[in-house]
Amino acid sequence: MISIFFSVILTSIISLFFGFGLSNIIGFWNAFSIAFGSQVIIALVYKSFRIDADKKDNAAVEEQFNEILSLCSASFECPCTRYTFTEELFINADNEFKCPVCGSNVKVNINISPILQTDVLADNIQTSLESVTTEAEATA
Ligand SMILES: [Zn+2]
């Protein structure tokens, strides 16, 4: 409310300057009205562009959010074996779900098992194997 009041005061002050500046050419109130009206129009156009930009930003954020959610989703079977859940699972959350078939609460544990990975030294194993076999054939 204060910002609207402040905007009206500021717009009026700028319009007053235009009014005084152009009072000898087109008259004070004509210049004041034109300046006031054009400021309102510019503000409306600017605001509509801002709303469009915000909508685009929100859509991008929502898309990223859904992407992250899809990375967390998993399918698992209820212990009653009559229903398969497809839910988002989070490591630091309770991950409790209610089975719609048997009505029991199901808690999902996430087991983290780190696996040491080796670096691939030779990525041309296929070709080196071929050279070995052709060498073996040549000597035979
Ligand atoms: Zn169930």
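What follows draws every value from the coordinates through simple rules; no lab data is involved. What you see is a predicted model; the values in this text were computed from it and never measured. Neighbour counts run over all protein chains shown; Cβ positions are idealised from the backbone, glycine included.
Put +1 on the Cβ of every Lys and Arg and -1 on every Asp and Glu Cβ in segment 2-70; which of SER23, ALA43, SER12 then has its Cα farthest towards the positive end of the dipole?
SER23
Return one number: the angle in degrees, 0 to 90 and rounded to the nearest 10, between the long axis of the Cα atoms of helix 125-139 and the longest principal axis of the Cα atoms of the chain.
30
If the only charges are +1 at each Lys and Arg Cβ and -1 at each Asp and Glu Cβ, what is the size of the charge dipole of the chain around the Cα centre, to the nearest 20 debye?
Details: 7 positive and 16 negative charges, 274 e Å.
For this selection, approximately 1320 debye.
When the Kirkwood radius is taken over all Cα pairs of the chain, what Stokes-Einstein diffusion coefficient follows at 4 °C and 1.567 mPa s, in µm²/s?
Diffusion coefficient, whole number: 54 µm²/s.
Return the aspartates and glutamates within reach of LYS107: Cα separation strictly under 17 angstrom, same-chain partners fewer than 8 residues apart disregarded; answer none if there are no such residues.
GLU77, GLU87, GLU88, ASP94, GLU96
Can you compute the charge dipole magnitude of segment 2-70 about its Cα centre, using +1 on each Lys and Arg Cβ and -1 on each Asp and Glu Cβ, nothing else charged? Give it in debye, rounded to the nearest 20.
420
Work out how far the C-alpha atoms of segment 1-60 reach from end to end along every principal axis, then list the three figures in whole Å, largest first.
52, 24, 11
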